[in-house]
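Asker: What follows is a single structure, and I will ask about it in a moment.
What follows draws every value from the coordinates through simple rules; no lab data is involved. Here the structure is a predicted model, which is why all the values come from computation and not from measurement. Quick reminder, even Gly has a Cβ in these numbers, built from the backbone with ideal geometry, and neighbours come from all protein chains shown.
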Number of protein chains: 2
Amino acid sequence: MLLREGDICRGYTFVVSGCFRMYAVDEKGKEHNISFAAENEWIADIGSFYSEKPSTLNIKALESSSVIQIEQKDLYHLYENITKLNRVFKVMVENKYVELQRHLVQNFSSTAQTRYLSFLEQYPKIKDRLSNAQIASYLGITPEFLSKVRKDIMLEETGKA
Amino acid sequence: MLLREGDICRGYTFVVSGCFRMYAVDEKGKEHNISFAAENEWIADIGSFYSEKPSTLNIKALESSSVIQIEQKDLYHLYENITKLNRVFKVMVENKYVELQRHLVQNFSSTAQTRYLSFLEQYPKIKDRLSNAQIASYLGITPEFLSKVRKDIMLEETGKA
DNA sequence: TACGACCCTTAAACTATCTTAAGAAATCAG
DNA sequence: CTGATTTCTTAAGATAGTTTAAGGGTCGTA
């Protein structure tokens, strides 16, 4: 468990090996995955990190993982000394922002099947390592319905071929 | 029309009077509202602004409005001279980020009725100025269904009272 | 080898939301 | 004030997704 709801996100985490998910818990106690991070990716609650306010999200390992954490003060220190690094993180934040917007729009513009297909494209590395429940939570559907979606896709493919 | 999909968002807009919406257009041509801005609020595609990459969003007036636009170079110039301003914009970006996350989670954790009720709380100023179609687009439902949601809420209230 | 735990799939019944179509209400131009 | 245009509501039928429950596969453990 890297981050718990209510705590302030005090560092960026670089995933060396393994896999993490960032998720929110709603009023009914259900968990909703917002994003994943596997090898060579960064993860953090950017909102909490930069505002230094308590996070509403959780970050948790899905496999036994090893990570490198960079803390706020060290990062800011590096920012000052390495101008390029500043830009790297800036671009990363921008990308996460745009990704979040895309996720939102896609979530109310397309059907679960379409969302699943674009999930497969977007996360080719981890799609086979995640349980059905994790993927379904990211897509905003139940694991049972994900099963059906997969079946329908298979039927369509074999039907066409 | 303040920003058109494909253009780079080159400035922040401060709404003096009137009202704007920021929206995305999906593959089927449907429009999905992401956020609104009325008097004394700022609006911009933050992703495009800071990355200087083409926007995937549009910003359009809902009423005849008057605005003040601050351009990139002027803003960066002000950043250097007024340290406090830097912080003001930083906080604004953080808040928008968190709002976007909340919108996403809420969208797949709660029913249309719940979402509508929290929309009313969140946008008390503009809730009466927006057409049904605009509100429905923000909630991710059809205007017809919004009608029904409203009716159901009324029925529940009178039923209880 | 067998057993239990866990996850994935299937199916049936149910619910939320969409689509279509029509009528009622509000807005606007002449 | 009247007709035209747009927006809002209502209702019926269709679809997407959920819930519940049951059965099958896989894997670790005794």
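Asker: Report whether or not B:Asp152 is within 16 Å of DNA strand C (Cβ to nearest atom), assigned to a helix (DSSP H, G or I) and acidic (Asp, Glu).
Answerer: Working: within 16 Å of DNA strand C (Cβ to nearest atom): yes; assigned to a helix (DSSP H, G or I): yes; acidic (Asp, Glu): yes.
So B:Asp152 fits the description; yes.
Asker: Just checking, does segment B:15-25 include any residue being surrounded by fewer than 20 Cβ atoms within 10 Å (Cβ to Cβ) and of a type in the set (Gly, Ala, Ser)?
Answerer: yes
Asker: List the residue pairs whose Cβ atoms are under 7 Å apart, where the first residue sits in segment B:58-78 and is more than 22 Å from B:Gly6 (Cβ to Cβ), the second is among the β-branched types (Val, Ile, Thr) and assigned to a strand (DSSP E or B), and the two are 6 or more positions apart or on different chains.
Answerer: B:Ser65/B:Val15; B:Ser66/B:Val16; B:Ile68/B:Val16
Asker: Also, I was wondering about something else. Residue by residue through segment A:36-84, note down the ones that are assigned to a helix (DSSP H, G or I) and within 19 Å of the chain's Cα centre (by Cα). Steps first, answer last, please.
Answerer: Narrowing segment A:36-84 to residues assigned to a helix (DSSP H, G or I): A:46-51, A:72-81, A:83-84.
Across segment A:36-84, the qualifying residues are A:Ile46, A:Gly47, A:Ser48, A:Phe49, A:Tyr50.
Asker: How many of the residues making up segment B:114-140 are in a helix (DSSP H, G or I), within 14 Å of DNA strand D (Cβ to nearest atom) and of a type in the set (S, T, N, Q)?
Answerer: Residues meeting the conditions: 4.
Asker: Every residue in segment A:50-76 that is under 30 Å from A:Gly29 (Cβ atoms) and within 14 Å of chain B (Cβ to nearest Cβ), please.
Answerer: Correct list: A:Tyr50, A:Ser51, A:Glu52, A:Lys53, A:Pro54, A:Ser55, A:Thr56, A:Leu57, A:Asn58, A:Ile59.
Asker: Might you check whether a residue that is within 21 Å of A:Asn95 (Cα to Cα) and out of contact with any Lys or Arg (no Cβ under 8 Å at 6 or more places or on another chain) occurs anywhere in segment B:60-72? Talk me through it step by step, then tell me what you get.
Answerer: As a first pass, look at segment B:60-72 and keep what is within 21 Å of A:Asn95 (Cα to Cα): B:72.
The next check asks that each one be out of contact with any Lys or Arg (no Cβ under 8 Å at 6 or more places or on another chain); those that pass are none.
Scanning segment B:60-72 turns up no residue that is within 21 Å of A:Asn95 (Cα to Cα) and out of contact with any Lys or Arg (no Cβ under 8 Å at 6 or more places or on another chain).
Asker: Taking segment B:132-142 on its own, how many of its residues are more than 14 Å from chain A (Cβ to nearest Cβ) and either more than 12 Å from DNA strand C (Cβ to nearest atom) or without any contact (Cβ under 8 Å) to a residue 12 or more places away in the chain (or both)?
Answerer: Within segment B:132-142, the first condition is being more than 14 Å from chain A (Cβ to nearest Cβ), and the residues that meet it are B:132-134.
In the following step, the residues that additionally are either more than 12 Å from DNA strand C (Cβ to nearest atom) or without any contact (Cβ under 8 Å) to a residue 12 or more places away in the chain (or both) were identified as B:133-134.
Matching residues across segment B:132-142 total 2.
Asker: I'm trying to understand the selection: among the residues of segment B:113-160, which are aliphatic (A, V, I, L, M) and surrounded by 17 or more Cβ atoms within 10 Å (Cβ to Cβ)?
Answerer: Within segment B:113-160, the subset aliphatic (A, V, I, L, M) is B:117, B:120, B:126, B:130, B:133, B:135-136, B:139, B:141, B:146, B:149, B:153-155.
Scanning segment B:113-160 gives B:Ile126, B:Leu130, B:Ile135, B:Ala136, B:Leu139, B:Ile141, B:Leu146, B:Val149.
Asker: If B:Leu146 passes every condition in (1) within 11 Å of DNA strand C (Cβ to nearest atom); (2) of a type in the set (A, V, I, L, M, F, W, C); (3) not in a helix (DSSP H, G or I) but one, which one does it miss?
Answerer: (3) is the only condition that B:Leu146 fails.
Asker: In addition: Could you list, in sequence order, the residues of segment A:79-112 that are exposed (fewer than 13 other Cβ atoms within 10 Å of the Cβ) and either hydroxyl-bearing (Ser, Thr, Tyr) or touching a residue at least 60 places away in the same chain (Cβ under 8 Å) (or both)?
Answerer: A:Thr83, A:Thr111, listed by residue number.
Asker: Moving to a separate point now. Of the conditions (1) within 17 Å of B:Arg102 (Cα to Cα); (2) in a strand (DSSP E or B); (3) of a type outside the set (Lys, Arg), A:Glu27 satisfies every one except a single condition; which number is it?
Answerer: All conditions pass for A:Glu27, except number (2).
Asker: Further question on the same structure: Tally time: how many residues in segment B:105-121 are more than 11 Å from DNA strand C (Cβ to nearest atom) and more than 20 Å from A:His103 (Cβ to Cβ)?
Answerer: Adding up the residues that qualify gives 3.
Asker: Please enumerate the residues belonging to segment A:139-161 that are within 30 Å of A:Ala24 (Cα to Cα) and among the basic types (Lys, Arg). Step through it out loud before you land on a result.
Answerer: Here is the first cut: in segment A:139-161, the ones within 30 Å of A:Ala24 (Cα to Cα) are A:139-153.
Within segment A:139-161, A:Lys148, A:Arg150, A:Lys151 meet the criteria.
Asker: Could you please find all residues in segment A:101-113 being in a helix (DSSP H, G or I) and either within 12 Å of DNA strand D (Cβ to nearest atom) or among the aromatic types (Phe, Trp, Tyr) (or both)? Quick ask: steps written out before the conclusion?
Answerer: Our first condition is that a residue be in a helix (DSSP H, G or I); within segment A:101-113, this holds for A:101-109, A:112-113.
Correct list: A:Gln106, A:Asn107, A:Phe108, A:Ser109, A:Ala112, A:Gln113.
Asker: Please verify whether segment B:77-95 includes one or more residues that are within 11 Å of another protein chain (Cβ to nearest Cβ) and within 14 Å of DNA strand D (Cβ to nearest atom).
Answerer: No, that holds for no residue.
Asker: Being β-branched (Val, Ile, Thr) and more than 17 Å from B:His32 (Cβ to Cβ) is the filter here, so list the residues in segment B:126-161 that pass it.
Answerer: Taking segment B:126-161 as the starting set, the residues that turn out to be β-branched (Val, Ile, Thr) are B:126, B:135, B:141-142, B:149, B:153, B:158.
Result: B:Ile126, B:Val149, B:Ile153, B:Thr158.
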